[in-house]
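Trainee: Submitted below is the structure of interest, expressed as structure tokens.
The values are calculated or read from the model by the stated rules, or taken from the named source; none is laboratory data. This is a predicted model, so every value here is computed, not measured. Please note: Cβ atoms are built from the backbone with ideal geometry, for glycine as well, and neighbour counts cover all protein chains shown. Remember, those area values only see protein heavy atoms, side chains included, never the ligands or the DNA or RNA. Shrake-Rupley method; radii C 1.70, N 1.55, O 1.52, S 1.80 Å.
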Amino acid sequence: QVQLVESGGGLVQPGGSLRLSCAATEPIFSLAGVGWFRQPPGKEREWVAGIASNGMTAYADSVRGRFAISRDNTKNTAYLQMNSLKREDTAVYYCRSTAMGGNYWGQGTQVTVSS
């Protein structure tokens, strides 16, 4: 059973940066894409960014130009670099992979943007 573990969340001031990591227990990120999602307080989970197996990336309009998704297949880890953070970026952030026909989610990491 593949497991995904997110880390890197925390409290940051508006305008600050964080880098989230998503570590997989198996080398799946070279097989399929990985996505980052977030769930703000009291709201539905939403897609934030994705990177395909061929390296192509896509972003939600709300984060384009501020966030960058990447992965390191040698470390079985995906990243979400978040810059110019805003209060509305506050959420629990999750990574997801559908490699090998599965639907794998991490447990989430809290990001709070506040002064």
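Trainee: Applying the selection to region 60-115, what residues are assigned to a loop (DSSP other than H, G, I, E, B), among the polar types (S, T, N, Q) and open to solvent by 30 Å² or more (accessible area, probe 1.4 Å)?
Mentor: Listed by number, the residues that qualify are Ser62, Asn76, Asn83, Ser84, Thr98, Asn103, Gln107, Ser114, Ser115.
Trainee: Pairs only if they're at least six apart or on different chains, beta carbon under 7 angstrom, first in region 7-32 and under 20 Å from Ala99 (Cα atoms), second open to solvent by 70 Å² or more (accessible area, probe 1.4 Å) and part of a loop (DSSP other than H, G, I, E, B); list them, first residue then second.
Mentor: Final answer for the pair search is Thr25/Gln3.
Trainee: Give region 7-33 a look and list any residue that's farther than 13 Å from Tyr93 by Cα, touching a Lys or Arg at 6+ places or on another chain (Cβ under 7 Å) and at pLDDT 95 or above, or say none.
Mentor: Pro14
Trainee: Would you check which residues across region 10-59 are among the β-branched types (Val, Ile, Thr), assigned to a loop (DSSP other than H, G, I, E, B) and open to solvent by 40 Å² or more (accessible area, probe 1.4 Å) and list them?
Mentor: Once the filter is applied, which keeps residues that are among the β-branched types (Val, Ile, Thr), assigned to a loop (DSSP other than H, G, I, E, B) and open to solvent by 40 Å² or more (accessible area, probe 1.4 Å), region 10-59 yields only Thr25.
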